[in-house]
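What follows draws every value from the coordinates through simple rules; no lab data is involved. Remember, it's a predicted structure, so these values are computed and weren't measured experimentally. In this analysis, Cβ positions are derived from the backbone assuming ideal geometry, glycine residues included, and neighbour counts consider all displayed protein chains.
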Amino acid sequence: MQFFDTHAHIGLIYDDPIEQLRVIQKAKNAGVTRIVSINNSLHDFDTVYNSLKSVSGIYHAVGVAPSEVTNPGNDWVRKLEDSLKLPNVVAVGETGLDYFKQFGDKRSQIELFITQLELAQKHNMPVVVHNRDAGKDVFAVLSERIPDAGAILHCYSENAEYAKQCLGMNVYFSFAGNLTYRNARNLHETVLNIPLDRILLETESPFMVPAQYREKKRSMPEYLPSTARFLAEMLEMDLEELSAQLWKNSCKIFRLPE
């Protein structure tokens, strides 16, 4: 049985490359044999990428998150395009919209998001989408500009009705450790009302610690099987059968061999 963590901020768990390798080894020991390393900005992508580029089972997404809208970096479009050509880079992201903390202004966030969707289309890559308190605008932008390779609504936080509206697009729904929280009824309802072949799991490390590990300060890729077990119980599925389907889904959206 093997698991695929579709979204982990390895560079935020630890800055030390040696500690990053320990995190990855612990994950592999737990059956998490593939991880997509996520960077929120181009400022730290090179450091994390170079420290992990030779590690088996590690893939990368590169993009500019809405938190970086006021400082994406000089010549950031060219740098992002260059980064998308590197080995084992499999997605644009994370990008998207965040109206909770009001980074910059909405217009600037939307423009940043649209530019990266256009780059994803140009380079035939899926996009990893951040959405916080911006569901209406995220849906509107994706409806017009989703890349052919698809999109992942990461750390899904909307309700089942929103998910149903998105099903007409090539969208996958990625659930993090907060799926295991008792009060996450909107997420529980969602997973029961969307096709299994559209579901992914992530740890969102170091955030969103699963309920089983609530005493821990950081979420880790090794915790992913805990979320998978919770999902299997909700769906009344055998864990091995579920993990096989989730693996297939993850490989499909990131265009990796199974």
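Exceedance of the 18 Å cut-off in Cα-Cα distance is limited, within the set Lys106/Lys136; Lys101/Lys136; Lys101/Lys164; Lys28/Lys85; Lys53/Lys85; Lys79/Lys122, to Lys101/Lys164; Lys28/Lys85. Pull out a ≥ b ≥ c, the square roots of the eigenvalues of the alpha-carbon gyration tensor of the stretch 76-174, then state rounded if a/c is under 1.5, prolate if not and a/b is larger than b/c, and oblate in the remaining case. Judged from the Cα gyration tensor, the stretch 76-174 comes out oblate (a/c at least 1.5, b/c at or above a/b). Full extension of the segment from Asp197 to Glu236, taken as 0.36 nm per residue of separation minus the current Cα-Cα distance, would add 12.5 nm. The helix-only estimate of mean residue ellipticity at 222 nm for the chain, built from DSSP H runs of length n ≥ 4 each weighted as -39500 (n - 2.57), is -12000 deg cm²/dmol after division by the residue total. The stretch 152-167 and the stretch 13-48 have Cα centres lying 27 Å from one another. Peptides 152-159, 186-193 ranked from most to least packed by the mean count of surrounding Cβ atoms within 10 Å: 152-159, 186-193.
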